[in-house]
């Protein structure tokens, strides 16, 4: 059963009972060799063979169309189920669907139009969710980040879109905690309402916003030389994942649930920031005190 599960996870095709096939490749050959060793050690027999190209259409054995079809149906169900009351749950489901797609794409050895279509559907789901979760989310800009002196940014008004979500909450906490202790925050109905003398963050045209692959929190870290702090760097990984996806962070789901509860309970954005800041304070202290992995 262990061997069968390993072969199934690797995307091996079954020619007949006990005969499995994978396309040529060093990683796949190493995986088959590991399975063969395990079978031999368990008292069985395994033979690892390399075949010459044959006229038989082996590619058809690796057709993932049916699996993509089921995944596409789940994506469409998620799109149809989107509503204001279930948006957080749908966001979590979307991440699971994206993870499922990534695993499926790994064993899609002959990708084609079907994979492209399902990827496009997932992108559409992510875009709709982002619009619902955080209207006016900024478009990443391609520019170099200039190192700034925090001493020149004291006692300023910092402005961002109202009803902050993860990136804006974390950015505001970072500003008040590490950059400008006397910061005052202005919550905008629309980015166009930002006063000329305010420092905007996390919207198109803001002083600090998404830059390249960095979300606004990461842009602020780099701008003020804070990205060398390991605890802040760990928080940045979580914020990045929750804001735009990418490499999963184990703590992300818990933080997202906590912040979602705060956002649903507190209508005043100043009160929301004050409460969320306590969560980020505790998270920062935890990462400061955690022993490095051995």
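So the values come out like this:
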{"quantity": "Residue 23 vs. criteria in contact (Cβ under 8 Å) with a residue 60 or more places away in the chain and either outside the structural domain of residue 103 (by TED's automatic domain parsing) or touching a strand residue (DSSP E or B) at 6+ places or on another chain (Cβ under 6 Å) (or both)", "calculated": "yes"}
{"quantity": "Conditions (1) part of a loop (DSSP other than H, G, I, E, B); (2) over 26 Å from residue 151 (Cα atoms); (3) at pLDDT 95 or above; number of the one not met by residue 246", "calculated": "(3)"}
{"quantity": "Qualifying positions in the stretch 171-192 - assigned to a helix (DSSP H, G or I) and either modelled with pLDDT of 95 or more or under 9 Å from residue 160 (Cα atoms) (or both)", "calculated": "171, 172, 173, 174, 175, 176, 177, 178, 179, 191"}
{"quantity": "So residue 81, is it modelled with pLDDT of 90 or more, under 22 Å from the mean Cα position of the chain (by Cα) and not assigned by TED's automatic domain parsing to the domain that holds residue 197", "calculated": "no"}
{"quantity": "Selection status of residue 257, more than 15 Å from the chain's Cα centre (by Cα), farther than 30 Å from residue 101 by Cα and surrounded by fewer than 19 Cβ atoms within 10 Å (Cβ to Cβ)", "calculated": "no"}
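The values are calculated or read from the model by the stated rules, or taken from the named source; none is laboratory data. Small disclaimer: the values here were computed from a predicted structure and weren't measured. Positions of Cβ are generated from backbone atoms using ideal geometry, with glycine treated the same way; all protein chains shown enter the neighbour counts.
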